[in-house]
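Data first, discussion second: the structure below is written as structure tokens.
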Amino acid sequence: MTRPLTAAQRRLIEAADPGTGRLRGTEAQLTALVKRGLAFRHPRPPHDHFLTPAGHRAREAAQAQAEPSEPSEPSEPQAPASTSGVFAARAGGEPVPPAAEGPARTREVRSAWQGMLELRRMTNPDASTDRPCAWERTHLVQAAALALEAAGHRPAGAAEGEDGYRVRETPQPDAVAVHAPDAPTLRACVETLEASGWQAGEYTEPRTRRRYVLASPRRV
């Protein structure tokens with residue numbers, strides 16, 4: 001179970017710049033957020049720290065809890081955010097499904113993808129949003145899974161026979177493998193990844209002869 005945020009960490013996240021997600025705090029505080037995947041250290045001087053998409057989700061959850069409840073028209077019930085507020089894209093085959101499903105999950109994914117695009121804009125040297133940023137290059141499985149889930153692809157379930165995409169690590173440090181139940185689905189994954197700034201190509205596993213996709217973040 002993910003341990004909850006400390007009061008100091010919540011205050012730090014809530015105080016982040018609303019536009020850029022820039023954080024202010026001690027080196028120890030910022031390092032702790034980086035280790036939890038809620039922040040990243042910009043590679044260029046002055047090496048400021050910014051919220052990751054998961055950090056933005058944590059801030060949204062904290063703000064929602066702080067807002068006083070007001071009478072309103074009945075709306076669709078939403079699953080509560082996790083204790084830490086950390087969003088995780090579905091790589092496929094997870095033993096435990098996400099807390100939110102249906103429309104609530106769709107909203108979470110859409111918000112996370114918009115946060116990722118903003119992260120690209122802030123951290124790519126030319127402010128480009130059409131190719132992955134440094135955070136995505138160090139979180140390949142999560143980044144590729146988010147691109148697929150945000151485009152509406154269905155992740156594989158935990159049970160045997162529940163077909164869908166599966167994103168997995170590979171021996172290559174800059175690439176992930178994407179598996180799908182059939183050729184049309186696999187091709188659709190290729191198209192989504194390429195449109196999201198990844199280089200993707202289909203290959204055949206030597207032993208099983210099954211087709212899969214090898215994808216890596218595009219650099220230019």
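Accessible area per residue for the range 85-220 in Å², computed with a 1.4 Å probe and the full protein assembly in place, what is it? Before the final figure, lay out each step's value.
Values: 6900 Å² over 136 residues.
Using a 1.4 Å probe on heavy atoms only, each residue of the range 85-220 averages 51 Å².
Derived scalar couplings between HN and Hα for the range 189-195 equal 5, 4, 4, 5, 5, 5, 5 Hz in order, rounded to whole Hz, by the Karplus curve 6.51 cos²θ - 1.76 cosθ + 1.60 (θ = phi - 60°), x for Gly and Pro.
The values are calculated or read from the model by the stated rules, or taken from the named source; none is laboratory data. Computed from a predicted structure; not experimentally measured. Note: areas computed on protein heavy atoms with side chains; ligands, DNA, RNA excluded. Shrake-Rupley method; radii C 1.70, N 1.55, O 1.52, S 1.80 Å.
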